[in-house]
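First up is the structure itself, then whatever we jot down about it.
The values are calculated or read from the model by the stated rules, or taken from the named source; none is laboratory data. On a predicted model such as this, the values are computed, not experimentally measured, just so you know. Ideal geometry is used to build each Cβ from the backbone, glycine not excepted, and the neighbour counts take in all protein chains shown. Areas reflect the complete protein model, heavy atoms only, side chains present, ligands, DNA and RNA absent. Shrake-Rupley method; radii C 1.70, N 1.55, O 1.52, S 1.80 Å.
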Amino acid sequence: MPKVTVDGQEIEVPDGATVLQACELAGKEIPRFCYHERLSIAGNCRMCLVEVKPGPPKPQASCALPATEGQEIRTDSQMVKTAREGVMEFLLINHPLDCPICDQGGECDLQDQSITYGRGATRYEENKRAVTEKYMGPLIKTVMTRCIHCTRCVRFSEEIAGVDEIGALYRGEDMQITTYLEQAAEHELSANVIDLCPVGALTSRPYAFEARPWELKKTLSIDVSDAVGSNIRLDSRGREVMRALPRINDDVNEEWISDKARYQVDGLTKRRLDKVFMRKRGKLQPASWDEAFKAIAKAKPGKSIAAVAGDMVDCETMFAAKALLKACGSSLIEGRQTGMDYDVSNLAAVNFNSTFAGIEQADAILIVGSHVRWEAPLVNVRIRKAVKRGAKVFVVGPYWETTYPAEFLGEELGVLNKLPDAVAEAFKNAGKPAIILGGAALKGAHGKALALAHEFGAAFNVLHFSAARMGGLMLGFAQKGGMKDIAAAKPKVVLSLGADEMDFEPFADAIKVYIGHHGDKGAHAADIILPAASYAEKDGTYVNTEGRVQFAEKAVFAPGDAREDWTILRALADALGVNVGFDSFAELQAAMIAEVPALGEEGLADYGALPKADAKAKAEGTISAYPIKDFYLTNPIARASEVMQRCSAELLHGGDLAEAAE
């Protein structure tokens, strides 16, 4: 490890570190615009200038200069100060002074660094150049006159997202950053360039002119749009969530989030259930809580009551429902609302055991029945990293556009029974092989995939796409026969906990009680609607597909008469005359942790070793389609979101939004 001296302080730095990283290890702040820890080094902006000896008697860009033994680095000399002032003056030559109307105002790197490192005045009197606006789709607003050509957006699209959509045209003063052919950026991570942009050139189109950062209350939360459990920050004003931004968590989402996680939040205020409804004479009519509870109690369900959990429910809600049913003498609980049925006796067999960070180290990956790019865009980013390191990827299932070289082996699951020679050879020679099993193959190929994992010594991973799935399985929210067993029991009352994708037809004779937050499919099928809180309106525990337990905080209050789910279930227990053993959220959480201790410790839950596999297991069936048909409209919040509807229409279905008259 080389030793360098930074402003008189001698420190050791790791091999391969740059001078900029050495300065940061010494506690010095180095200004930068183009440099980013997760992107390749460009050396465009020259803002990170420092003085280095031995070396030429001039400032050098610290981001691109390797740290070597014996270097003396100065970050505070007059030469460095003058050089940074000069660079800032050049950057501001063409940048318009429209901070008062710029959405980046208040959280802008250019503002902050011009105050700290700028001259305070300009000597430039010529005309500023202007650049025509570029269209980058319904999510990204562009004011390209503000662009300082740091190329962070270009490098993100090429290196992280793996979609070559943004680039630079022309040279010198005529250089412009644009999407090729000025079409919309169509990948699932496109809006991360907004966070990366150090100026106001790329800002959020739906959030334009909505709020200033100092007006917002910031709440730490977890994304529930998929099973990755991305760490997010919800920014709210009053009773409305204004935006969602990523939080850094290297183990989960690094510092990216999907476009759906970021932009579905406008659906939180639309199509909301804010009062109790009951079906009278075939129509849903407003009612009171008391009336609804009396109607459920009047049915005298006794043991004949079932609960089905939706895809975005927190663990506390599922535990409260389980406690209510247990008190009634029922065990009819299920979380796999779409009818999936797989063995959950060993949770290691349905977990993403590699972990997200671990899948980057894999050198041969077999993906079975998963459209990873839509089901978990941030896992797709990790697989892309593995491919960059030399991993080979094979896919069983219908074709989808990968962001890395991959060989598709067809739609027949039977190909797993005798793998092609090239695949078998790649797995035999691999040091860290991995198998990823998606929802489309859980029924027909789980046993065989598990056997292959044992045969090749591969990491076995199941990729779920529902935020509530692993938490529900830890709480035992699953029947051996899945939803078929629930339907066969013919319950008198069915509690639908935000389950909008389930088939309500088998429960035609039951009283269907929908406890949810949006007027979606579940509410249309219900006999009684009890308005509940969304993920942004309650505290809750979530477990992602790798078994990581995470806690989300309440950002805003639920609208109208809507209540937090556990309070509804607690009140329902009183109406049914049973005791559930908790009267507050703290008591509920304590009871849940007492039953499943892993839910009380944030971090990876320990599911033990993989079960032994049946060596004679066979894979059967064909994957004709993946479970997710439309990336932008997978849940009730997204379907209520105007932004997500626009993305679906424009980016996936190729048309502009139809006019009302059409």
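Here are the numbers:
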{"quantity": "From Thr402, Thr338, Thr317, residue being of a type in the set (Val, Ile, Thr), at pLDDT below 90 and out of contact with any Cys (no Cβ under 6 Å at 6 or more places or on another chain)", "calculated": "Thr338"}
{"quantity": "Every pair of residues 6+ apart whose Cβ atoms lie under 7 Å, when the first sits in the range 252-275 and is surrounded by 24 or more Cβ atoms within 10 Å (Cβ to Cβ) while the second is aromatic (Phe, Trp, Tyr)", "calculated": "Lys260/Phe631; Lys260/Tyr632"}
{"quantity": "Qualifying residue in the range 72-83 (condition: crowded, with 18+ Cβ neighbours inside 10 Å and either of a type in the set (S, T, N, Q) or closer than 30 Å to Ile160 by Cα (or both))", "calculated": "yes"}
{"quantity": "Scan of the range 598-625 for residues that are crowded, with 16+ Cβ neighbours inside 10 Å and over 19 Å from the mean Cα position of the chain (by Cα), ordered by number", "calculated": "Ala598, Leu599, Ala605, Tyr607, Leu610, Ala613, Ala617, Ala619, Ile623"}
{"quantity": "Unique match (being over 19 Å from Ala638 (Cβ atoms) and either among the aromatic types (Phe, Trp, Tyr) or surrounded by 20 or more Cβ atoms within 10 Å (Cβ to Cβ) (or both)) among Ser230, Ser157, Ser225", "calculated": "Ser157"}
{"quantity": "Residue count, the range 395-432 (criterion: touching a strand residue (DSSP E or B) at 6+ places or on another chain (Cβ under 6 Å) and open to solvent by less than 10 Å² (accessible area, probe 1.4 Å))", "calculated": "4"}
{"quantity": "Count of residues meeting criterion [open to solvent by 40 Å² or more (accessible area, probe 1.4 Å) and polar (S, T, N, Q)] in the range 177-192", "calculated": "1"}
{"quantity": "Pairs with Cβ under 8 Å, 6+ apart, first in the range 64-78 and in contact (Cβ under 8 Å) with a residue 40 or more places away in the chain and under 11 Å from Leu20 (Cα atoms), second part of a loop (DSSP other than H, G, I, E, B) and basic (Lys, Arg)", "calculated": "Thr75/Lys28"}
{"quantity": "Filter result for the condition that a residue is charged (D, E, K, R) and in a loop (DSSP other than H, G, I, E, B), over Lys322, Lys326, Lys303", "calculated": "Lys303"}
{"quantity": "Pair list, Cβ under 8 Å, 6 or more apart: the range 529-558 residue charged (D, E, K, R), other residue open to solvent by 10 Å² or more (accessible area, probe 1.4 Å) and part of a strand (DSSP E or B)", "calculated": "Asp539/Phe551; Glu546/Leu604; Arg548/Gly603; Arg548/Leu604; Glu553/Leu220"}
{"quantity": "Exclusive hit being under 17 Å from Gly547 (Cα atoms) and surrounded by fewer than 21 Cβ atoms within 10 Å (Cβ to Cβ), set Gly476, Gly457, Gly472", "calculated": "Gly476"}
{"quantity": "Candidates Val80, Val131 - the one that is aliphatic (A, V, I, L, M) and out of contact with any helix residue (DSSP H, G or I) (no Cβ under 8 Å at 6 or more places or on another chain)", "calculated": "Val80"}
